[in-house]
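Everything below concerns the one structure shown next.
The values are calculated or read from the model by the stated rules, or taken from the named source; none is laboratory data. All values reported here derive from a predicted model rather than from experimental measurement. All Cβ positions, glycine included, derive from the backbone under ideal geometry; neighbour counts span all protein chains shown. Quick note on the areas: whole protein, heavy atoms, side chains included, nothing else; ligands and nucleic acids left out. Shrake-Rupley method; radii C 1.70, N 1.55, O 1.52, S 1.80 Å.
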Amino acid sequence: PPFRGCVVREDGQWLIRLDRGMLRPLLGCDTPTEAQLREYSPVFHVTAQTPPTYLWATCTDEMVPPENSLRYAAALLGCGVPAELHLFARGPHGLSLADRTCAGGPDYINPACQQWVPMALTWLDQILAAGEGGACPEEFQ
């Protein structure tokens, strides 16, 4: 089924897209103000100090639409933050590793989406080799 909800401003630009049923659990009300939406939308909190970010999503996620990831990636790139985004064609929300180790059922086993792990590791190696990932805190060395 198609995505069921979004919250838009008066000028027609959407601030955040999420299922209408998620408004109360996430924001505590059914009709949040623009200020509340800005407070809880990661897009509005990206700065040049945001860490390098790897994102992946599926085009059929019914809980968090892929447009949210696209907007977040655009915000990261607009602030000069190293980022990588992968959109996979199919898969429900919450795939995790997309394999048997954490699947909640057969719909959560997705060989295409399993590729996010090696792709993320390759990306992380590149970020660290380029010195863009920052220093590892002493307590983790």
For D125, state whether it is open to solvent by less than 60 Å² (accessible area, probe 1.4 Å), more than 19 Å from the chain's Cα centre (by Cα) and at pLDDT 90 or above. no
Name the residues in segment 72-85 that are surrounded by fewer than 18 Cβ atoms within 10 Å (Cβ to Cβ) and either outside any loop (DSSP other than H, G, I, E, B) or out of contact with any Pro (no Cβ under 9 Å at 6 or more places or on another chain) (or both), would you? A74, L77, G78, C79, G80, L85
Test Y40 against the stated conditions and say whether it is aromatic (F, W, Y) and under 22 Å from L128 (Cβ atoms). no
Need pairs with beta-carbon distance below 7 Å; first residue over 17 Å from E67 (Cα atoms) and within segment 37-54, second in a helix (DSSP H, G or I) and modelled with pLDDT of 90 or more; sequence gap 6+ or separate chains. T50/L76; P52/I127
So D99 fits all but one of (1) open to solvent by less than 60 Å² (accessible area, probe 1.4 Å); (2) in a strand (DSSP E or B); what number is the exception? (2)
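So, D61, is that one among the acidic types (D, E), open to solvent by 50 Å² or more (accessible area, probe 1.4 Å) and modelled with pLDDT under 95 or not?
Numbers: among the acidic types (D, E): yes; open to solvent by 50 Å² or more (accessible area, probe 1.4 Å): no; modelled with pLDDT under 95: yes.
No; evaluated as a whole, the condition is false for this residue.
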Tell me which residues, restricted to segment 37-58, are surrounded by fewer than 18 Cβ atoms within 10 Å (Cβ to Cβ) and more than 12 Å from the chain's Cα centre (by Cα). R38, E39, Y40, F44, H45, T47, A48, Q49, T50, P51
